[in-house]
Amino acid sequence: MRKKRCSPVGDGHGCELCRSLSIPCGLDDPYSVSSPSPGLQGITMQTSREVFHDLVLLYFRFIHNVIHTMIHEASFMHQFKEGTASMIHVYAMCALAARFSDNPVFHGIARGSRGSIYISEAVRLIQQSIIIPSLESMQGLILIGYYYGGEGDGKAKHIYTGLARLHAETLSLWEIPKDGSLLSQEEHRRTWLSVNIASDWSAIDISVEPISLNHGLEVDLLKFDDIAFQSLDPGLVQGTYSSPSSPYNMWAYMARTLGIFNRTSVLLRQMSQGLISFDDYCQEAVVLEDRLDEWEKSLPPNLRYTTENIMSAVKQRLGRTFLAMHIGYHHFRQILFFPSLDARRDHDNTKLTKIASQCKRSANIISDILQHSTDIENCDLNCFIYGHIAVISSCVHLHTLLLSDKPEALSMARQWLLLNFKYLMGIKSYWPVVEHSVARLRKFQNCCQDSASDPFVLDNWMARFVTEHTSYPSERQNSASKPSDPGLQNTTARSIYAELYASDHPDNAKTGSDVDDLSHLLYDQQVTTEALVNHALDWLLE
């Protein structure tokens with residue numbers, strides 16, 4: 001009005017003249033952060049719209065459609081371009097994605113610390129709507145919860161996830177609005193499904209039994225398959241919709257395994273506390289195993305775990321979701337059968353031997369999935385949850401190295417273990433909780449070397465170690481019971497460790513300064529198994 005040009009002040013929030021007149025300024029940029037919130041240890045950065053845009057794209061690449069399915073990407077990016085996107089979402093997405101950025105503005109800031117300035121803004125904004133539930137608030141709370149999960153703060157994650165659940169219940173989210181567009185209706189369904197998933201996992205993380213939140217909504221019957229949902233044009237979603245002949249309903253199938261995971265986690269905790277016997281556990285495990293088998297058999301041919309199906313999913317931009325579905329399924333199997341690895345059990349029992357072999361088979365497939373995730377473009381599984389799954393798989397491989405007398409099994413276990421370690425090395429700098437999980441793996445391996453203890457005894461520490469992916473269990477006490485059968489004791493802990501783990505003899509092992517390539521170590525027959533594991537763990541922890 002005064003014919004004067006606005007002069008930006010550099011922080012993205014208008015100009016001095018408009019500020020002095022207390023009027024809106026056309027230079028106001030909603031996508032701008034200029035100063036840290038209190039308690040961020042001096043982290044300060046200027047953030048432009050371009051940086052925000054890049055981070056949101058990284059979020060959709062690495063986080064979205066892997067641990068949750070809530071937001072329609074094309075719609076959100078359109079809103080972002082128009083400046084109408086939810087800032088709660090933008091800040092929370094950036095908090096999750098900044099760790100993956102190679103933008104020079106983040107140079108000198110540890111990857112795992114970059115999200116702090118963004119999450120503080122997301123938390124500040126969500127507090128303004130803490131008692132005003134909406135679809136936006138639920139989605140924002142879930143994103144914030146996952147951020148704290150990656151930090152290893154299971155309590156904060158559970159609180160924010162719990163708030164999302166309360167918002168969903170307040171709005172009766174399972175009652176899909178009839179007057180909304182097809183897109184908004186599907187976002188309601190997928191948000192409700194994501195709240196269910198996050199609520200169950202966060203409850204397990206703090207040793208709380210999950211509460212069923214279905215309220216009659218059939219979350220496994222999403223109206224749109226995954227391909228159709230991500231390809232919907234926001235402006236063309238009114239009217240009827242015909243489902244394709246070969247749908248990719250992976251999130252619908254993942255929803256059907258939630259109850260199995262919940263029940264398995266509860267049973268493991270109950271047995272570790274002496275509330276149920278091993279025999280009682282086995283009876284329940286048979287039922288859960290049947291349900292898992294039925295789930296796998298129910299998969300249509302295009303969703304079964306084959307290399308051809310992986311590549312087909314990649315072409316549909318769903319490679320990560322495909323691998324996430326299958327790694328979750330095999331993780332549930334490996335933890336269900338984990339108690340069979342306890343050396344106190346009678347492993348001459350054919351049934352128990354079969355159960356243990358199934359645990360190892362799933363651990364092997366998990367390693368295979370992780371290899372695909374690193375070898376195949378656009379299949380990255382870089383979320384902290386998969387770091388936890390890799391750690392449990394590694395424990396199963398350690399069991400094979402300890403107790404197997406089959407050269408082929410030992411060779412494969414060495415390969416899978418080092419592959420897991422390479423994967424963990426790739427993601428541990430991104431997520432603080434993964435680095436802590438790796439440190440716990442060292443404690444577990446130290447317990448393996450203690451001949452007086454059976455590290456696979458399902459005590460309370462082990463039950464939490466297996467099921468809680470964002471918790472920080474206290475130090476494990478090496479007071480596990482010795483095998484009850486003296487003959488079994490002689491053929492497991494002491495004699496096998498003496499035979500396989502001879503790192504006290506320097507002539508049989510090479511130091512890290514001599515060999516810096518794990519692949520070289522893997523195929524060097526002079527390197528004992530213990531020396532191999534110790535070197536790999538040292539490399540992983542450095």
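What the table below lists for this structure:
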{"item": "Separation in nanometres of the label points that stand 7 Å from Cα toward Cβ, at R317 and E175", "result": "3.5"}
{"item": "Environment charge of L143, counting only residues whose C-beta is closer than 13 Å and scoring Lys/Arg +1, Asp/Glu -1", "result": "-1"}
{"item": "Under-5 Å amide H pairs with L381, H placed in peptide plane, nonlocal only", "result": "none"}
{"item": "Surrounding net charge for K81, when Lys and Arg each add one and Asp and Glu each subtract one, Cβ distance under 13 Å", "result": "-2"}
{"item": "HN-Hα J in Hz across the stretch 136-152 - Karplus 6.51, -1.76, 1.60, θ = phi - 60°, x for Gly and Pro", "result": "4, 5, 4, 5, x, 5, 5, 4, 5, x, 5, 4, 5, x, x, 7, x"}
{"item": "Peptides 139-146, 267-274 ordered by average Cβ neighbours within 10 Å, highest first", "result": "139-146, 267-274"}
{"item": "Local electrostatic count, L55, Cβ distance below 12 Å [Lys/Arg +1, Asp/Glu -1]", "result": "+1"}
{"item": "Amide H contacts under 5 Å for F456, placed H, 5+ residues apart", "result": "A343"}
{"item": "Of the trypsin sites (Lys or Arg not before Pro) in the stretch 121-188, those whose Cβ has at most 12 other Cβ within 10 Å and which sit in DSSP loop", "result": "K178"}
{"item": "Theoretical FRET efficiency, 1/(1+(r/R0)^6), r = Cβ-Cβ of A74 and K155, R0 30 Å, to 0.05", "result": "0.25"}
{"item": "Across K157/K428; K297/K360; K360/K406; K360/K422; K178/K297, pairs whose alpha-carbon gap is larger than 24 Å", "result": "K178/K297"}
{"item": "Computed lengthening from V287 to K354, 0.36 nm per intervening residue step minus Cα-Cα distance", "result": "22.5 nm"}
{"item": "FRET efficiency for T374 and S411, using Cβ-Cβ distance with R0 set to 22 Å, rounded to 0.05", "result": "0.60"}
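Bear in mind these aren't lab numbers, they're just calculated from the coordinates by the rules spelled out. What you are looking at is a predicted structure, and each value in this text was computed from that prediction instead of being measured. Glycine also receives a Cβ, built like all others from the backbone with ideal geometry; neighbour counts cover every protein chain displayed.
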